[in-house]
Amino acid sequence: MSKVSILEVKTADQLKKFVKFPMDLYKNNPYYVPSFIKDEFKIWDPKENPALNYSEAKQYLAFKDNKVVGRIAVMINHKEEKELGIAKVRFGWIDFIDDQEVSAALIQKAIDYAKEHQIDKIEGPMGFTNLDKAGMLTMGFDKLATMIGIYNHEYYPKHLENLGLTKEKEWVEFEMNFPKVLPEKVEKFSGLIAQKYKLKVLHFKSKEEILPYVEPMFKLLDETYKHLSTYTPISDEQIQTYREKYFPFIDKNYVICVVDENQELVSFAITMPSYSRALQKSKGKLFPFGWWHFLQASKKNDRANFYLIGIHPEYQRRGVTAIIFKEIFVRFTSMGIDFAETNPELEENKSVQVLWQDYNPVNHKRRRTYSMMINDK
């Protein structure tokens, strides 16, 4: 039987194999949604990814019979270590064939990397920051992936558990059949709350009018989620990177911003039409013809995805969500949206999950990170 060999990615050709391996592994899988190939290359370029200014990383390929059979990236976020006192090796971009020898060799690289840096813990799959994709799918293998979610085969978590890794964090995702009639209490409270706190919804005439609110949105994200133990603030460089990455796909009709009487942002929600099918058809490329599939998805779609939602702590228990959801209801109804899907939410983050309670949410996906203490390994 052939042995597994592990090779560190050091050349452009090796990086190309690293980036494109999942597309071969999931070829013809109806639920897998590829990432943008161009963006995947940028992740490993210090000129394009500001997280590399305070992180270090390596990528590895697994070979068997001279064929790529797996991949993994290992990372240390020194900002996380400095600001939160958390020392761990993150591993991500992990994919492998259904061969325990392969997955074991890949995880061993994460263990070796941790030992090399005198770190006692590994955790993954995750990226460099809070806004990167994270969490291995453990439920929902027969559900279409989203643009910001990781998809993986059902055997992945079994392999990690067999290797001694255990659950660290759990995320849940919900799907909602969007109502044809706005719930009465949402209709009632939205007007009362807006009047009581002198709040109003902004209506953008163009995408360009959204730009001044991009930075305030990210700052509001910090305020919304800073109570979570693993949250690290978003840097200005990261804001710029995510703006450049996702702004081209923003539709002004899918962005809800609520401001107070001083025009200060107190809440926002960013949704998008589902681009999953468009990504599948384009095979992760916008050009030369991929843009057409995205254009069609933005014009005609019955499914939307929630991507980001932020509510200032001072307004989190004051019913502001009623204003947001009334506005979303009006817009989704006019655009023919029948289904909505949330982004992954930490299982313990009940303050976010309660937002969907009036829409009969169905928990259709679960994902988790796995960790291992290695000081005795």
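Worth a mention:
- Rounded percent of accessible protein surface that carbon and sulfur make up, the chain, 1.4 Å probe: 51 percent
- This model, with +1 at the C-beta of Lys and Arg and -1 at the C-beta of Asp and Glu, gives the stretch 1-104 a dipole about its Cα centre of some 200 debye.
- Percentage relative contact order, the chain, counting C-alpha pairs under 8 Å, at least six apart: 23 percent
- What you get for the stretch 62-200, charging only the Cβ of Lys and Arg (+1) and of Asp and Glu (-1), is a dipole of about 840 debye around the Cα centre.
- Cut-off under 5 Å, modelled amide H: who pairs with Thr232 long-range: Asn130
- Of the chymotrypsin sites (Phe, Trp or Tyr not before Pro) found in the stretch 86-170, those that fall in a DSSP loop while having at most 16 other beta-carbon atoms within 10 Å are Phe141.
- For the chain, with +1 on Lys and Arg beta carbons and -1 on Asp and Glu, the positive-most of Pro22, Asn375, Ser103 along the dipole: Pro22
- Distance between modelled label sites at Glu56 and Leu295, nm, 7 Å Cα→Cβ extension: 4.7 nm
- Sites listed here are GluC sites (Glu not before Pro) in the stretch 78-169 whose DSSP assignment is loop and whose Cβ has at most 14 other Cβ atoms within 10 Å: Glu154.
- Length-normalised contact order for the stretch 179-337 - Cα pairs under 8 Å, 6+ apart - percent: 32 percent
- Computed accessible area, Lys16, all protein chains, 1.4 angstrom probe, square angstrom: 100 Å²
- Shape of the stretch 179-337, Cα gyration tensor, a/c cut at 1.5: oblate
- Using a Förster distance of 25 Å, the FRET efficiency for Lys198-Ser351 (Cβ separation, nearest 0.05): 0.60
- Positive-end extreme of charge dipole, the stretch 277-324 - chosen from Thr321, Ser282, Gly310 (charges on Cβ): Ser282
- Point-to-point label distance, Met23-Glu264, nm (Cα→Cβ direction, 7 Å offset): 4.7 nm
- Å² per residue, accessible surface of the chain at 1.4 Å: 48 Å²
- Database remark: amide H of Gly70 closer than 5 angstrom to the amide H of Ala62 (H placed geometrically; neighbours at sequence offset of 5 or more, or on other chains; Pro and chain starts carry no H).
- Coil-residue trypsin sites (Lys or Arg not before Pro) of the stretch 165-272, DSSP, other Cβ within 10 Å capped at 14: Lys180, Lys198, Lys205, Lys226
- The stretch 1-69 and the stretch 101-142: distance between their alpha carbon centers, rounded to Å: 14 Å
- Using the Cβ-Cβ distance between His117 and Asn360 with R0 set to 30 Å, the FRET efficiency works out to roughly 0.05.
- Assigned charges on the beta-carbon of Lys, Arg, Asp, Glu; the chain dipole about Cα centre (debye): 840 debye
- Out-of-range pairs (alpha-carbon distance over 32 Å; input Lys88/Lys281; Lys3/Lys158; Lys10/Lys365): Lys88/Lys281; Lys10/Lys365
The values are calculated or read from the model by the stated rules, or taken from the named source; none is laboratory data. Remember, it's a predicted structure, so these values are computed and weren't measured experimentally. Here Cβ is always computed from backbone atoms with ideal geometry, including for glycine, and neighbour counts include all displayed protein chains. Only protein heavy atoms, including side chains, enter the accessible area calculation; ligands, DNA and RNA are left aside. Shrake-Rupley method; radii C 1.70, N 1.55, O 1.52, S 1.80 Å.
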